[in-house]
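K.L.:
To start, I am sharing the structure in question, which I have written as structure tokens.
The values are calculated or read from the model by the stated rules, or taken from the named source; none is laboratory data. Small disclaimer: the values here were computed from a predicted structure and weren't measured. As a convention, Cβ positions derive from the backbone with ideal geometry for all residues, glycine included, and neighbour counts pool all protein chains shown.
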Amino acid sequence: MTAAARLAPIGVKVNIAGNSSDRPEQSPRGHLPVLALELVDLIGPQPGETVIDCTFGAGGHARLVADRIGPEGTLIAIDRDPVAEARFQEFETQAKCRTRFIASEFSLGLKDLQNEGIRASALYMDLGMSSLQVDAADRGFSYSHDAPLDMRMDPRQSLTAEEILNTWSEQQISRMLRDLGEERYAGGISRQIVARRPLHTTSDLVDAIKAGMPAAARFGSGHPARRSFQALRIAVNGELEAVDAALPIAWDTLEIGGRIAVISFHSLEDRRIKRFFNELATGCTCPPELPVCICGHEPEAEVLTRRPISADDDEVAANPRARSARLRGALKLAEREGAH
């Protein structure tokens, strides 16, 4: 039984026959979408519906959705990465539905659709890095390759990882590592970064990170640079700000009865998504001592995931990047208060 089948609430249809053999095959270019069956089961796309893919990437989820919504359905894809736009051009030649692409950061793309009056029956986001970005050694996302300190999801933006590391103060870098990477050795690492300036490559950064950590910490679980690279990537691309901006716009773009699903890869994103859905699902807000409700507040959402859905052992074995993925979903019951 899949994770989605174990966790889905009453009323959510799930492919309980799913197993590792049902999962999407790796594409010719090596891309394997994370939690693909679970996401599609959660949003339940139907023939003729309009669905928005906020983070197209290599299009792994989009291919499954396109098959479900069929020739009368429309899939709108958003991505700020030019490489993803090139992948979309390949995708649309084979898609079994109508398609459209918006080259933009997803909160801005969603705002454009909202301004056009577009409403969707389902919408999903696959946050974090795509495999296209990780596997492109020259873009500097990975600590496994020596590359320029870039880390821009949109190469057209000006801010790079190199600029942050070589111009921010020690205090600013330490705060970034602590708040965005939950790095316990942020102070020591930031001191080494400043002392070793200028840094130009990912190897320069890895060396500074290792020098700023106690010897024992360098040999713990996972690569010692993992948290620092995460923090720097989030800062360069404004990822948390984008999530905060996108969630309410995404919700307003959904029709009543529409479904939203979000895959996140670290706790900073997952907490935001959980809080947003739970706030929408909250009913009466009157003090508990009042005998009757006087606020009249009704829930605007039904949370579809009691706990976040995670990848099963078979998927993690086939795709180790799925290990940290968490999927949450919600059903829209009413318009958000204050929405335009």
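K.L.:
Kindly check whether there is at least one residue in the range 146-163 that is of a type in the set (Lys, Arg), closer than 26 Å to Ala58 by Cβ and out of contact with any Pro (no Cβ under 7 Å at 6 or more places or on another chain).
P.N.:
Narrowing the range 146-163 to residues of a type in the set (Lys, Arg): 152, 156.
Next, from what is left, pick out any that are closer than 26 Å to Ala58 by Cβ: 152, 156.
So of that shortlist, the ones also out of contact with any Pro (no Cβ under 7 Å at 6 or more places or on another chain) come out as 152, 156.
Scanning the range 146-163, I find at least one residue that is of a type in the set (Lys, Arg), closer than 26 Å to Ala58 by Cβ and out of contact with any Pro (no Cβ under 7 Å at 6 or more places or on another chain), so the answer is yes.
K.L.:
Considering only the range 203-217, state which residues are touching a helix residue (DSSP H, G or I) at 6+ places or on another chain (Cβ under 7 Å) and either over 13 Å from Gly188 (Cα atoms) or not basic (Lys, Arg) (or both).
P.N.:
Step one: filter the range 203-217 for residues touching a helix residue (DSSP H, G or I) at 6+ places or on another chain (Cβ under 7 Å), giving 205, 208-213.
Correct list: Leu205, Ala208, Ile209, Ala211, Gly212, Met213.
K.L.:
Here is a follow-up. Give the residue, chosen from Asp244, Asp207, that is in contact with a Lys or Arg (Cβ under 8 Å, 6 or more places away or on another chain), more than 29 Å from Arg80 (Cα to Cα) and of a type in the set (Asp, Glu). Please lay out each step first, then the result.
P.N.:
Values: Asp244 fails: more than 29 Å from Arg80 (Cα to Cα).
Unique residue meeting the criteria: Asp207.
K.L.:
Only one residue in Asp244, Asp252, Asp270 is in contact with a His (Cβ under 8 Å, 6 or more places away or on another chain) and in contact (Cβ under 8 Å) with a residue 24 or more places away in the chain, so which one is that?
P.N.:
On the way: Asp244 fails: in contact with a His (Cβ under 8 Å, 6 or more places away or on another chain); Asp270 fails: in contact with a His (Cβ under 8 Å, 6 or more places away or on another chain).
Exactly one of Asp244, Asp252, Asp270 is in contact with a His (Cβ under 8 Å, 6 or more places away or on another chain) and in contact (Cβ under 8 Å) with a residue 24 or more places away in the chain, namely Asp252.
K.L.:
Here are Glu90, Glu105: which of them is touching a helix residue (DSSP H, G or I) at 6+ places or on another chain (Cβ under 8 Å) and of a type in the set (Asp, Glu)?
P.N.:
Numbers: Glu90 fails: touching a helix residue (DSSP H, G or I) at 6+ places or on another chain (Cβ under 8 Å).
Result of the check over Glu90, Glu105: Glu105.
K.L.:
Right, here's the next one. Within the range 49-92, count every residue that is among the polar types (S, T, N, Q), part of a strand (DSSP E or B) and in contact (Cβ under 8 Å) with a residue 40 or more places away in the chain. Break it down stepwise before answering.
P.N.:
Our first condition is that a residue be among the polar types (S, T, N, Q); within the range 49-92, this holds for 50, 55, 74, 89.
Next, from what is left, pick out any that are part of a strand (DSSP E or B): 50, 74.
Okay, now just the ones that are also in contact (Cβ under 8 Å) with a residue 40 or more places away in the chain, so 50.
Total satisfying the criteria: 1.
K.L.:
Shifting gears a bit: Being under 24 Å from Ala217 (Cα atoms) and touching a residue at least 24 places away in the same chain (Cβ under 8 Å) is the filter; apply it to the range 162-177 and report the residue that is farthest from the chain's Cα centre (by Cα).
P.N.:
Start the filter on the range 162-177 by keeping residues that are under 24 Å from Ala217 (Cα atoms), which leaves 165, 170-177.
Within this subset, residues satisfying the condition of being touching a residue at least 24 places away in the same chain (Cβ under 8 Å) are 165, 170, 176-177.
On the way: Leu165: 25, Glu170: 29, Met176: 20, Leu177: 20 Å.
My answer is Glu170.
K.L.:
Given (1) out of contact with any strand residue (DSSP E or B) (no Cβ under 8 Å at 6 or more places or on another chain); (2) at pLDDT below 90, where does Leu7 come up short, assuming only one miss?
P.N.:
(1)
K.L.:
Shifting gears a bit: I need the full set of residues from the range 80-116 which are buried (at least 22 other Cβ atoms within 10 Å of the Cβ), modelled with pLDDT of 95 or more and of a type in the set (D, E, K, R), in order please.
P.N.:
none
K.L.:
Grab the strands (runs of 3 or more DSSP E) fully contained in the range 250-340, keeping just those with 3 or more residues being assigned by TED's automatic domain parsing to the domain that holds Ala120, within 15 Å of the chain's Cα centre (by Cα) and not aromatic (Phe, Trp, Tyr). Walk me through it before giving the result.
P.N.:
Values: elements: 254-264, 301-303, 326-332.
In the range 250-340, the matching strands (runs of 3 or more DSSP E) lie at 254-264, 326-332.
K.L.:
Mind checking which residues of the range 103-131 are of a type in the set (A, V, I, L, M), over 21 Å from Arg68 (Cβ atoms) and not in a helix (DSSP H, G or I)?
P.N.:
Of everything in the range 103-131, those that are of a type in the set (A, V, I, L, M), over 21 Å from Arg68 (Cβ atoms) and not in a helix (DSSP H, G or I) turn out to be Ala103, Leu127, Met129.
K.L.:
Scan (1) surrounded by 14 or more Cβ atoms within 10 Å (Cβ to Cβ); (2) modelled with pLDDT of 95 or more; (3) not assigned by TED's automatic domain parsing to the domain that holds Val83 for the single condition Ser142 breaks and write down its number.
P.N.:
Every listed condition holds for Ser142 apart from (2).
K.L.:
Sticking with this structure for a sec: Return the only residue of Ala311, Ala322 being out of contact with any His (no Cβ under 6 Å at 6 or more places or on another chain), modelled with pLDDT under 95 and closer than 18 Å to Tyr124 by Cα. Explain how you work it out, then say what you get.
P.N.:
Details: Ala311 fails: modelled with pLDDT under 95.
Going through Ala311, Ala322 in turn, just one is out of contact with any His (no Cβ under 6 Å at 6 or more places or on another chain), modelled with pLDDT under 95 and closer than 18 Å to Tyr124 by Cα: Ala322.
K.L.:
Test Pro248 against the criterion of being over 19 Å from Ala325 (Cα atoms) and surrounded by 14 or more Cβ atoms within 10 Å (Cβ to Cβ), and give yes or no. Don't jump to the end; show me each part of the working.
P.N.:
Details: over 19 Å from Ala325 (Cα atoms): yes; surrounded by 14 or more Cβ atoms within 10 Å (Cβ to Cβ): yes.
In short, yes.
K.L.:
Output the number of residues of the range 163-175 satisfying the condition of being buried (at least 21 other Cβ atoms within 10 Å of the Cβ) and out of contact with any Ser or Thr (no Cβ under 6 Å at 6 or more places or on another chain).
P.N.:
At the first step, the residues of the range 163-175 found to be buried (at least 21 other Cβ atoms within 10 Å of the Cβ) are 165, 173-174.
Then keep just the ones that are out of contact with any Ser or Thr (no Cβ under 6 Å at 6 or more places or on another chain); that gives 165.
So the count comes out to 1.
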